[in-house]
Amino acid sequence: MNASMNAGAIHARQSTVRQWQPSRGKVGMVCLIAAESCIFLTFVVAYLFYIGKSATGPQPKDVIEMPLVIVNTIALLSSSFTVVMAVKALERKASRAFLGWLGVTIALGLWFIGGTAWEWKGLMEEDGLYLGTNLFGTTFYSLVGLHLLHVVVGLTMLGLVLILGALGFVRGKHAHAFDMLSWYWHFVDAVWIVVFTTVYVIGR
Amino acid sequence: MSTRTLFCFSILVIACILECAQCTFDVGSDTVVCAPETAAINAGDLNIFHPASPPAREIRELAWLVLGICAVIFVIVEGVLVWAIIRYRKRMADAGEPVQVFGSNPIELAWTVIPTIIVFVLALATLRTIREVQLTEPPEGSLHVDVIGHQWWWEFRLPTLNGEGTIITANELIVPVGRPIWLSLHSADVIHSWWVPRMNGKTDVIPNHINHTWFQADMPGIFLGQCAEYCGTQHANMLIRVHAVPTAEFEAWCVAQSLPPSLLTESETTAHSGRDLFLELACMNCHAIDGVSNGAFGPNLTHLMSRTTIGAGAAILNPQTLRAWVDDPQNLKVGCNMPSLKLDPNQLDSIVAYLLTLK
Amino acid sequence: MTTVDQTTAVPDEVRRTFGARVHAWVVSVDHKRLGMMYVGFGLCFFIVGGIEAALMRAQLAQAAGKIVDPATFNQLFTMHGTTMVFLVGMPILLGMGNYLIPLMVGARDMAFPRLNAFGLWLFVFGAGLLYYSYIGAQGLYGTSAAPDVGWFAYAPLTSKTFSPGNSTDYWILGIMVSGFGSITTAINLVATILVMRCPGMTLMRMPLLCWMMLIVGMLVILAIPVLTGAQAMLLLDRFLGAHFFDTQNGGSALLWQHLFWFFGHPEVYILVLPAFGFLNEVIPVFSRKVIFGYSLMVAATVAIAFISVSVWAHHMFSVGMSPEINSFFAATTFLIAIPTGIKIFTWMGTMIGGKIRFETPMLCATAFIGLFTFGGLTGIMLAVVPFDWQLGDSYFVVGHFHYVLFGGTVFGIFSGIFYWFPKATGRLLSETLGKWFFWFLLVGFNLTFFPMHISGILGMPRRIYMYQPDRGLEIWNLLSSIGVIFQGVAVALFVWNVIRSLRNGKPAGNNPWNAWTLEWATSSPPPDWNFDQVPTVGSARPLWDQQNPQDPDSRHEEHL
């Protein structure tokens, strides 16, 4: 081949067509969320498939306590709002406000975990519902547990940002990266709406 | 090559393919006979193109249509491919690049629309046959049989002639010719699949999920089949024998099967001790014998010797194979669920003598 | 100039110690090295899976064969299927995507290079875990044993009751871990294709392989997590006493099938779309013509992706679904034949009117068209529900999907390997050995897999370790087994070809095939940074435009 044919020489007619090229982080995060959604979909399908099929053991309408769950839900959903405030604060380089909103977000997440732990303790100790008790136990703990796992992962990452932020490493230029993390957190919240609808509205 | 030669050639090739297929699959449909006396007891004809039952015949009719359409498409596509290879291969004298053709709307439209029409036709034919083969209600006057798949044998339960009792047997299903047989498929453990190719297509046998299928033997004969869904170690030796017999013979069989095993006479001392051993050892935990034991894990042995094979077709049933089987089933069927009981020769003689009385 | 001078490049490699060279590969985040490692590991497992297949064929060469015992045979087909799908098809195809996509879109590397390395090593770890079962797992009888539940691992055979020991857990975890690897690679491919394209390369100016890889990436992202989820449920069942697939406690055996095939059918397209992509590059270059109907090809691919997520239950026609549901899945399955047919016609339309050079890549690509057409037509037969009740789970199905996945994917992979080997190594593979390889493989392939259709029609179910004599099956099985010998010779020729060419193959030059896409614009092998200058393109065939300035493709863009 002619040695002059190298990449630098390819200057064909300059493109006039506008190219659609989103940011790498956004595409990556959207893909990750899509993959995660499919895992959730699997468990939601299993939950819906087994509604009312438990022959023995506690049934959902007997053991689920709505007030507790609603408080948990409010806590988790409001954390979506606070994380947006944190992103906004970071974008305008208000680091104290950023750390404050981030702290509130983490606190709300922890509240959710604590509330769920409380709920599970009641279900196990009072109602004797475990993973292996019946199909309700199997699908309930695995679906809610899978979501809880995601809350824990999200909180771990938010916690890391909080620590790094408190040490002064998180600056305005990280706003985009933190925004992507907030997308993940919004996803965890949005999934909760699906889980809530499945378990506490349809399944009850 | 002109278009016309190509066309004639295609027709010729299609005709040849169909003719060959017809020869391979159809000739000899009634020459293959199962001879239970030979070593090749499980030999025989399982060709899906040799139906002996209405649903299998429906499927064959559809299959020929589909094969025909596919053969035509195959010959045309491969023909054009071969033509393109020969006609457009690069020749020595060729220089420069060929004309660049970026596409053609009419051609692209054509090869989108024509396949659409073909699959539409196929879909209509398919839907019609599904309706005819897959019944959701038992056909009128049918004999109801419960089929229970076990790792790795089949249990059959059918009503006695007066309809009050149940005949329980294994691996060999005796049915009357010309009467629809309605099967309810249950599984005791994992997924199996019921497939007797000359009777009907396969239907899975799924735990916790009862399926139904049906067939109607047109003629007397033995129709072989086997489990078609992988179900563990001995999936290969989970054979089915459907034995279609004239109605009178079927009724006689039903009567014989409804009776309890004949009582042992005083002189049959070996059989007596064999019966005692059957009750003392683990046998009775798994095997039922009318009036003797109630085990449900293995095949019902009440009329064991009325069957022609043992181990779901693993061997012919005769005194020698029966003895070998009781001695160590793992020799004849590696990995099956019946353990070797490590009997001494005397015990073995007694048990075999007892089992041989179960006619 | 970017042409690498081989005489100076080679001693540089030799000077370093073996340990240092291995270290450089292990810590690399370069998409080219990662891609080559994917392909290398995949080819090794191709040989392993091939040996497993050869053992099975040896057992089945005669009726009531006694070469392996039933338990071993069941492990062999489980491992063969799992290996070929997850450890051969996926890594080689995703690996070639990994190697080629940044070069084809004119990028420096993938969008997330470190994630890329992470994905590769997850795959390697998962594969190692699966194969460690041969040494470390406890099987049915407490002996060390590989998984023996079949590659689709139907519940409840996989439950603790019917599969005690932990060989099934090795299957679950090995596939799960390598599945995470595939997901990260897919995310990377999608992000690279959407984000990293060089100036001028709009989506409709991408090489078609990039389109195929984009769609495959999306399908992986949608399909693999469903398998992962189902496997997580199975783990909960096996370790924590959950009842998802526990039929003795109300669980459903069919839920597993639905979830598995919701993954499993898109997986088939994941395995074949990249091979379509290779053909889309090879056929135009060797026919010396532009692809006939670029946009219809793109549309067909997108259509396949959409339809492929609505056909899964055609693997389940015999489970007793209602006639309505059976009809629905038959209809969607027929529907997917249309875009697949369009692809076949497009390739032939490209060949017609060209000046076709039959070098090894093109031979493999042509064989692909012929064999895949056959596999597609038997696929249509299987979509005819009543016909499927007879043919499903028989050897006919085994023949069918080998025509699709071997005649299609594997021939496509070899076409791609012969085509891009010079780019990746700077050396040409031997044409003579290549042609011998091709003909041995083609003859062996047909000898092995065509008779399987007939065995199936004669009533031979799949996955049986022995068949009864005198059912008319002997001759067809013997032919199948003989074919393996030819395929073995072909693979040996290929390995020898690779070794020989790496040592002293003909130097390839930048563009040995006179091809038109960007990867051929840089040196062979490309430098670490891929391109000295970020290229700018004006059409889907930038090198054509450069060679034929009087008639650039951009003039014809309205046709695209």
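The values are calculated or read from the model by the stated rules, or taken from the named source; none is laboratory data. None of the values given here were measured: they were computed from a predicted structure. Counting neighbours? That spans all protein chains shown, and the Cβs are built from the backbone with ideal geometry, glycine included.
Based on this model, can you work out whether residue C:273 counts as part of a helix (DSSP H, G or I) and within 20 Å of the chain's Cα centre (by Cα)? Explain how you work it out, then say what you get.
Numbers: part of a helix (DSSP H, G or I): yes; within 20 Å of the chain's Cα centre (by Cα): yes.
For residue C:273, the condition - part of a helix (DSSP H, G or I) and within 20 Å of the chain's Cα centre (by Cα) - is met.
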**Request:** Looking at (1) over 25 Å from residue C:466 (Cα atoms); (2) out of contact with any strand residue (DSSP E or B) (no Cβ under 7 Å at 6 or more places or on another chain); (3) surrounded by fewer than 16 Cβ atoms within 10 Å (Cβ to Cβ), find the lone condition where residue B:294 falls short.
**Result:** (2)
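Every residue, every condition in (1) more than 11 Å from chain B (Cβ to nearest Cβ); (2) out of contact with any helix residue (DSSP H, G or I) (no Cβ under 9 Å at 6 or more places or on another chain), yes or no:
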| site | (1), (2) |
| --- | --- |
| C:435 | yes, no |
| C:441 | yes, no |
| C:446 | yes, no |
| C:454 | no, no |
| C:461 | no, no |
| C:469 | no, yes |
| C:478 | yes, no |
| C:481 | yes, no |
| C:484 | yes, no |
**Asked** Given the conditions (1) crowded, with 24+ Cβ neighbours inside 10 Å; (2) out of contact with any Asp or Glu (no Cβ under 9 Å at 6 or more places or on another chain); (3) in a helix (DSSP H, G or I); (4) facing another protein chain (nearest Cβ under 9 Å), and given that residue C:201 satisfies all but one, which numbered condition is not satisfied?
**Response** (3)
**Request:** Among the residues of the stretch A:89-99, write down those that are free of Cβ contacts under 8 Å to residues at least 12 places away in the same chain and part of a helix (DSSP H, G or I).
**Result:** A:96
**Fill in**
Checked against (1) assigned to a strand (DSSP E or B); (2) exposed (fewer than 15 other Cβ atoms within 10 Å of the Cβ); (3) of a type in the set (A, V, I, L, M), residue B:92 satisfies every condition except (1)
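So in the stretch A:45-64, with the set limited to residues that are within 14 Å of residue A:141 (Cβ to Cβ) and part of a helix (DSSP H, G or I), which one is nearest to the other protein chains (Cβ to nearest Cβ)? So that I can check it myself, show each step before the final result.
Step one: filter the stretch A:45-64 for residues within 14 Å of residue A:141 (Cβ to Cβ), giving A:46-47, A:50, A:54, A:57-58, A:60, A:63-64.
Imposing the further condition that a residue be part of a helix (DSSP H, G or I) reduces the set to A:46-47, A:60, A:63.
Numbers: A:46: 6, A:47: 10, A:60: 15, A:63: 17 Å.
Within the stretch A:45-64, the match that is nearest to the other protein chains (Cβ to nearest Cβ) is A:46.
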**Request:** Answer yes if at least one residue in the stretch B:185-203 is assigned to a strand (DSSP E or B), surrounded by fewer than 19 Cβ atoms within 10 Å (Cβ to Cβ), in contact with a strand residue (DSSP E or B) (Cβ under 9 Å, 6 or more places away or on another chain) and at the interface with chain C (Cβ under 10 Å from one of its Cβ atoms), and no otherwise.
**Result:** no
**Request:** Quickly run through the stretch C:303-325 and pick out the residues that are among the aromatic types (Phe, Trp, Tyr) and surrounded by 22 or more Cβ atoms within 10 Å (Cβ to Cβ).
**Result:** C:312, C:317
**Item:** Meets criteria (small (Gly, Ala, Ser), more than 20 Å from the chain's Cα centre (by Cα) and modelled with pLDDT under 90) for residue A:55
**Value:** yes
**Message:** So residue C:539 ticks every box in (1) in a helix (DSSP H, G or I); (2) at the interface with another protein chain (Cβ under 8 Å from one of its Cβ atoms); (3) among the hydroxyl-bearing types (Ser, Thr, Tyr) but one. Which box is left unticked?
**Reply:** (1)
**Message:** Looking only at helices (runs of 4 or more DSSP H) that lie completely in the stretch C:348-414, which have at least 3 residues being of a type in the set (A, V, I, L, M) and more than 7 Å from chain B (Cβ to nearest Cβ)?
**Reply:** C:360-383, C:395-404
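Conditions (1) surrounded by 12 or more Cβ atoms within 10 Å (Cβ to Cβ); (2) closer than 25 Å to residue C:377 by Cα; (3) modelled with pLDDT of 55 or more, marked per residue:
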position	(1), (2), (3)
B:18	yes, yes, no
B:26	yes, yes, no
B:36	yes, no, no
B:47	yes, yes, yes
B:65	yes, yes, yes
B:76	yes, yes, yes
B:83	yes, yes, yes
**Message:** So, residue C:124, is that one of a type in the set (A, V, I, L, M), over 30 Å from residue A:21 (Cβ atoms), part of a loop (DSSP other than H, G, I, E, B) and under 24 Å from the mean Cα position of the chain (by Cα) or not?
**Reply:** no
**Message:** Considering only residues that are in contact (Cβ under 8 Å) with a residue 24 or more places away in the chain and facing another protein chain (nearest Cβ under 7 Å), which ones fall in the stretch B:118-135?
**Reply:** B:122, B:126, B:129, B:133
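Just for the stretch B:204-213: of the residues that are more than 7 Å from chain C (Cβ to nearest Cβ) and crowded, with 24+ Cβ neighbours inside 10 Å, which one is nearest to residue B:140 (Cα to Cα)? Break it down into steps so the answer makes sense when it comes.
First, the residues of the stretch B:204-213 that are more than 7 Å from chain C (Cβ to nearest Cβ): B:205, B:210, B:212-213.
If we keep only those that are crowded, with 24+ Cβ neighbours inside 10 Å too, we end up with B:205, B:213.
Working: B:205: 23, B:213: 14 Å.
Among those that are more than 7 Å from chain C (Cβ to nearest Cβ) and crowded, with 24+ Cβ neighbours inside 10 Å, it is B:213.
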**Fill in**
Those residues of the stretch C:542-556 which are more than 8 Å from chain A (Cβ to nearest Cβ) and either touching a Gly at 6+ places or on another chain (Cβ under 9 Å) or hydrophobic (A, V, I, L, M, F, W, C) (or both) amount to C:544, C:553
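Look through C:110, C:84, C:90 and report the one residue that is under 30 Å from residue B:234 (Cα atoms) and either part of a helix (DSSP H, G or I) or not β-branched (Val, Ile, Thr) (or both). Before you say what the answer is, go through the steps one by one.
On the way: C:110 fails: under 30 Å from residue B:234 (Cα atoms); C:90 fails: under 30 Å from residue B:234 (Cα atoms).
It is C:84.
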**Message:** Let me spell it out: the conditions are (1) closer than 26 Å to residue B:187 by Cα; (2) away from chain B (no Cβ under 14 Å); (3) of a type outside the set (S, T, N, Q); (4) part of a loop (DSSP other than H, G, I, E, B), and residue C:172 meets all of them except one. Which number is the exception?
**Reply:** (4)
**Message:** Only one of C:455, C:415 is closer than 30 Å to residue C:33 by Cα, at pLDDT 95 or above and among the polar types (S, T, N, Q). Can you tell me which?
**Reply:** C:415
**Request:** Report whether or not residue B:229 is touching a residue at least 24 places away in the same chain (Cβ under 8 Å), of a type outside the set (A, V, I, L, M, F, W, C) and touching a strand residue (DSSP E or B) at 6+ places or on another chain (Cβ under 7 Å).
**Result:** yes
**Asked** Out of (1) crowded, with 17+ Cβ neighbours inside 10 Å; (2) touching a residue at least 60 places away in the same chain (Cβ under 8 Å), what's the single condition that is false for residue A:82?
**Response** (2)
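Conditions (1) surrounded by 21 or more Cβ atoms within 10 Å (Cβ to Cβ); (2) out of contact with any Lys or Arg (no Cβ under 7 Å at 6 or more places or on another chain); (3) without any contact (Cβ under 8 Å) to a residue 24 or more places away in the chain; (4) over 30 Å from residue C:243 (Cα atoms), marked per residue:
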| position | (1), (2), (3), (4) |
| --- | --- |
| A:117 | no, yes, yes, no |
| A:141 | yes, yes, yes, no |
| A:162 | no, yes, no, yes |
| A:167 | no, yes, yes, yes |
| A:175 | no, yes, no, yes |
| A:194 | no, yes, no, no |
| A:197 | no, yes, yes, no |
| A:202 | no, yes, no, no |
**Request:** Taking only the stretch C:509-522 into account, find how many residues are buried (at least 24 other Cβ atoms within 10 Å of the Cβ) and either without any contact (Cβ under 8 Å) to a residue 24 or more places away in the chain or of a type outside the set (Val, Ile, Thr) (or both).
**Result:** 6
**Item:** Restricting the stretch B:95-117 to residues that are more than 30 Å from residue C:555 (Cα to Cα) and facing chain C (nearest Cβ under 7 Å), the residue that is surrounded by the most Cβ atoms within 10 Å (Cβ to Cβ)
**Value:** B:115
